[in-house]
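Note sheet for the following structure.
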Amino acid sequence: IQTINLDNAVIADQVRKKLTAVQDDVPAIHIAPIQKHVLPNGMRVLIGRSTLVPVVAIELIQLGGLLGDEVGREGLAGAIGSMRRRGTTTRSAQEIAEEVDQLGATLSTSGRINSSATQAFCFKEDLPQVMEIVGDVVLNPTFPAGEWQKMQPRLLAAIDRQTDRWYGELRHHFLPAFFGDSPMAYTSLGRREAVAQFTVEDLGQTYQETLAAEEMVLAVFGDIDPVQVLELAERHFNSLPAKGISQFEPGRPSVPAPNVIQAKTPKELAAVHIGFGPATTYRSADYPVLEVLANVFDRFPSGWLTEQLRGEGEGLAYAVHSIQRSGLVPGYFEITFNANAQKVTDALGRTVSVVERAKNELVSDQTLADAKSAVLTSALLRRQSNRQRAQQAALDEIYGLGFDHTTRYMEQVNSVDAQLLRSVAQKYLTNPVIVVLTHRAYPPDELIMAAGSLMPSPSSD
C-alpha cells in the first residue's frame, strides 16, 4: 500500500514555486480611476480601464423606458428596445447576429423601467468593430416589418407568461392598484392591448423623436486604451442630436388610497403583496436607509419578518420578501409572502406587528450591523465584473448621482443608526395597498381586521 501525502501546505508550496518561476513573465495589472468626458452634443462618456482580463464591456444608457411611455402606449419603449438590433440601414438582423457571433461577442438592446440600454461585451482587440455595431443599432435602426411580425407575438406571449407563477400574478393585480393610470402600473413589457396595436411606424417615429445625446451615458470598461475609446465614441456618436423632439419628462404617480384587495387565482395557494408608499427615489438620502430596513425585515434566518412568519412557533409562510422598489419617481416599500391559505390572516397580523415594531423600537446594535453588512456586501457583489461596473457607473451618472456614487452610497449605509432607521420607518411604512391572492374568498372584514393598524381608522361624523 502506498501512502499519499495530502498535506495542503506541500501543495501550496509547490504552487508558490511555480508562480515565482513565471512571475517575471506576467504583466502588471492596471486599474485606473474612471474618466468622464462630454462630447460636443452633450453625451457623457465614462472610461474605466482594468487590465485584469482582456475583455471590454460597453453600456449605453438613455433615460426613458416604460417611464417615458405615454398613457395608452405602455410597452412602446420595451418594443423599441427589442427591435433595435433587428435591422439597420447597413445590416439585416441576420447579418448583425452573424457578425457578433463570429467575434465571440454579445450584443443586446432593451427597454427597462427608467431607461433603455444597449449592451455589448467583446475581446479587447475587437472593440473598434463592436463599437461600430453598437453605433449602428443606436443611430440607424430601421424596424423592419418582417422582424416586427415575428417579435410582436413573442412580446405578447411574454406578457401572458408573467402570471404563470404566483409572484407574477400577485404583481399583476398590485401594480395597477398602486400606480393607477401611470405607466408604472405595468412591467417594462407593457400593456398587452397596447403592444398588440403597435406598428413599425409607431416604433420608428417614437425612437427618432426621443433620440437625445444629452440624455445618454456611454460607459466602456475593461482592457482598453482610453484615448482610443474616446476617439471611437466621437466617431460613432458625435452625429447624435443633442436634444430629442420629444423630451423625457416622467410623470409623478398619484398617491394611492390605503386599500385591501382580494384577487382570485386558480392556483391552490395564498400570497400577499403589501406596498407602502409613495416611498422614495434613487436620489433621496433616505434610499440607503430603506435598503437597510429591508434587510432588517427579511435577512435569512434572523430578519424580523422572517422570524415571525417562518421561525416563530408554527411557520406561516413558505417565502418571505422585503425590498424597496424605487426609481426616478417615487415607488413603494414592498413586503411579500406566500402562505398556507388557512393561515393568511394570521400571517398578515404578524406582518403588522413587525411593521409596528420598526416604527416604535430601536434595532439592536447587532441587528443593525448585520443588516448594514448585508447591504454593503450586496452592493459590492453587484460591482465585481467590468460589465457590472460599467452598468452601475452609467446608471448612477444618468440618474444624476454621479458615476462615483458607490463610495458615497457605502458611506451613507455606514452612517445609518437606529434612530434614523426608526424615523424612516415611521415616515414611509404608511398608506399601504394590500393585495391578497388566493383560490378561496375571505370575508373582507376579516382581512381588514388582520391588517389592523396599517389601515386608517374610520372617520366619525
If you scan the stretch 139-168, which residues turn out to be touching a strand residue (DSSP E or B) at 6+ places or on another chain (Cβ under 6 Å) and open to solvent by less than 30 Å² (accessible area, probe 1.4 Å)?
-> Pro141
In the stretch 119-136, how many are crowded, with 20+ Cβ neighbours inside 10 Å and either at pLDDT below 95 or out of contact with any strand residue (DSSP E or B) (no Cβ under 6 Å at 6 or more places or on another chain) (or both)?
-> 3
Please verify whether the stretch 334-356 includes one or more residues that are surrounded by 14 or more Cβ atoms within 10 Å (Cβ to Cβ) and over 30 Å from Arg165 (Cα atoms).
-> yes
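Before we move on, is Leu269 among the aliphatic types (A, V, I, L, M), modelled with pLDDT of 95 or more and open to solvent by less than 40 Å² (accessible area, probe 1.4 Å)? So that I can check it myself, show each step before the final result.
Values: among the aliphatic types (A, V, I, L, M): yes; modelled with pLDDT of 95 or more: no; open to solvent by less than 40 Å² (accessible area, probe 1.4 Å): yes.
Taking the combined requirement at face value, the residue does not satisfy it.
Under the condition of being at pLDDT below 95 and not β-branched (Val, Ile, Thr), which residue from the stretch 70-86 is least open to solvent (accessible area, probe 1.4 Å)? Talk me through it step by step, then tell me what you get.
So the first thing to find is which residues in the stretch 70-86 are at pLDDT below 95, and the list is 70-72.
If we keep only those that are not β-branched (Val, Ile, Thr) too, we end up with 70, 72.
On the way: Glu70: 113, Gly72: 37 Å².
Out of the qualifying residues, it is Gly72.
Being open to solvent by 30 Å² or more (accessible area, probe 1.4 Å) and under 18 Å from Leu66 (Cβ atoms) is true for just one of Gln208, Gln247, Gln228. Which residue is that? Lay out the reasoning, then the answer.
Numbers: Gln208 fails: under 18 Å from Leu66 (Cβ atoms); Gln228 fails: under 18 Å from Leu66 (Cβ atoms).
Of Gln208, Gln247, Gln228, the one residue that is open to solvent by 30 Å² or more (accessible area, probe 1.4 Å) and under 18 Å from Leu66 (Cβ atoms) is Gln247.
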Considering the stretch 230-252 alone, what residues qualify as being in a loop (DSSP other than H, G, I, E, B) and closer than 16 Å to Met216 by Cβ?
-> Asn238, Ser239, Leu240, Pro241, Ala242, Lys243, Gly244, Ile245, Ser246, Gln247, Phe248
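Within the stretch 389-430, how many residues turn out to be assigned to a helix (DSSP H, G or I) and either touching a residue at least 12 places away in the same chain (Cβ under 8 Å) or open to solvent by less than 40 Å² (accessible area, probe 1.4 Å) (or both)?
Just the residues of the stretch 389-430 that are assigned to a helix (DSSP H, G or I), to begin with: 389-398, 405-414, 418-428.
Then keep just the ones that are either touching a residue at least 12 places away in the same chain (Cβ under 8 Å) or open to solvent by less than 40 Å² (accessible area, probe 1.4 Å) (or both); that gives 389-398, 405-406, 409-410, 412-414, 418-422, 424-428.
Number of matching residues: 27.
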Verdict on Ala393 being within 27 Å of Glu59 (Cα to Cα) and aliphatic (A, V, I, L, M) = yes
Which condition number does Cys122 fail, the rest of (1) farther than 25 Å from Leu203 by Cβ; (2) outside any strand (DSSP E or B) being met?
-> (2)
Pairs, please: C-beta under 6 Å, at least 6 apart or cross-chain, first residue under 26 Å from Leu269 (Cβ atoms) and in the stretch 168-194, second surrounded by fewer than 19 Cβ atoms within 10 Å (Cβ to Cβ) and among the β-branched types (Val, Ile, Thr)?
-> Glu169/Thr163; Glu169/Thr265; His172/Thr163; Ala177/Ile261
Single unsatisfied condition, Leu203 versus (1) among the hydrophobic types (A, V, I, L, M, F, W, C); (2) over 12 Å from Leu76 (Cα atoms); (3) assigned to a helix (DSSP H, G or I) | (2)
Please go through the stretch 261-304 and pick out each residue that is within 23 Å of the chain's Cα centre (by Cα) and part of a helix (DSSP H, G or I).
-> Tyr287, Pro288, Val289, Leu290, Glu291, Val292, Leu293, Ala294, Asn295, Val296, Phe297, Asp298
Condition test on Ala279, is it at pLDDT below 95, open to solvent by less than 40 Å² (accessible area, probe 1.4 Å) and over 29 Å from Pro443 (Cβ atoms)?
-> yes
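Among the candidates Val255, Val363, Val329, single out the residue that is assigned to a loop (DSSP other than H, G, I, E, B), touching a residue at least 24 places away in the same chain (Cβ under 8 Å), open to solvent by 30 Å² or more (accessible area, probe 1.4 Å) and among the β-branched types (Val, Ile, Thr). I'd like the intermediate steps shown before the answer.
Numbers: Val363 fails: open to solvent by 30 Å² or more (accessible area, probe 1.4 Å); Val329 fails: open to solvent by 30 Å² or more (accessible area, probe 1.4 Å).
None of the others qualify; the one that does is Val255.
Please work out which residue is surrounded by the fewest Cβ atoms within 10 Å (Cβ to Cβ), limiting yourself to the stretch 87-118 and to residues that are of a type in the set (Ser, Thr, Tyr) and assigned to a loop (DSSP other than H, G, I, E, B). Give the derivation first.
Just the residues of the stretch 87-118 that are of a type in the set (Ser, Thr, Tyr), to begin with: 88-90, 92, 106, 108-110, 115-116, 118.
Narrowing the set further to residues that are assigned to a loop (DSSP other than H, G, I, E, B) leaves 89-90.
Details: Thr89: 9, Thr90: 12.
Within the stretch 87-118, the match that is surrounded by the fewest Cβ atoms within 10 Å (Cβ to Cβ) is Thr89.
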Hits in the stretch 54-63 (condition: touching a Ser or Thr at 6+ places or on another chain (Cβ under 7 Å) and open to solvent by less than 10 Å² (accessible area, probe 1.4 Å)) | Leu60, Ile61
Output the number of the condition that Tyr318 fails; it satisfies all remaining conditions of (1) open to solvent by 10 Å² or more (accessible area, probe 1.4 Å); (2) within 19 Å of Leu437 (Cβ to Cβ); (3) within 18 Å of the chain's Cα centre (by Cα).
-> (3)
Name the residues in the stretch 163-184 that are within 16 Å of the chain's Cα centre (by Cα) and over 19 Å from Val436 (Cβ atoms), would you?
-> Met184
Among all residue pairs at least 6 apart or on different chains, which show Cβ distances below 8 Å where the first residue, located in the stretch 266-288, is closer than 24 Å to Arg422 by Cβ and touching a residue at least 60 places away in the same chain (Cβ under 8 Å) and the second is charged (D, E, K, R) and open to solvent by 10 Å² or more (accessible area, probe 1.4 Å)?
-> Gly275/Arg325; Ala279/Arg325; Thr280/Asp286; Asp286/Lys427
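Within the bounds of the stretch 170-182, is there any residue that is under 27 Å from Asn431 (Cα atoms), open to solvent by less than 70 Å² (accessible area, probe 1.4 Å), outside any helix (DSSP H, G or I) and in contact with a His (Cβ under 6 Å, 6 or more places away or on another chain)? Step through it out loud before you land on a result.
So in the stretch 170-182, the residues under 27 Å from Asn431 (Cα atoms) come out as 170-182.
If we keep only those that are open to solvent by less than 70 Å² (accessible area, probe 1.4 Å) as well, we get 170, 173-180, 182.
Now restrict to residues that are outside any helix (DSSP H, G or I): 180, 182.
Those still in the list that are in contact with a His (Cβ under 6 Å, 6 or more places away or on another chain) too: none.
Checked the stretch 170-182: no residue is under 27 Å from Asn431 (Cα atoms), open to solvent by less than 70 Å² (accessible area, probe 1.4 Å), outside any helix (DSSP H, G or I) and in contact with a His (Cβ under 6 Å, 6 or more places away or on another chain).
What are the residues in the stretch 332-348 that are part of a helix (DSSP H, G or I) and either charged (D, E, K, R) or over 13 Å from Val436 (Cβ atoms) (or both), if any? Even if it seems obvious, please write down each step before you answer.
From the stretch 332-348, those part of a helix (DSSP H, G or I) are 341-348; that's our starting set.
Within the stretch 332-348, Gln342, Lys343, Asp346 meet the criteria.
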Looking only at the stretch 49-62, which residues are under 18 Å from Pro128 (Cβ atoms) and small (Gly, Ala, Ser)?
-> Ala57
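The values are calculated or read from the model by the stated rules, or taken from the named source; none is laboratory data. Quick caveat: nothing in here was measured; it's all calculated off a predicted structure. Don't worry about glycine lacking a Cβ; one is built from the backbone with ideal geometry, like all the others, and counts go over all protein chains shown. Just the protein is used for accessible areas: all its heavy atoms, side chains included, with ligands, DNA and RNA removed. Shrake-Rupley method; radii C 1.70, N 1.55, O 1.52, S 1.80 Å.
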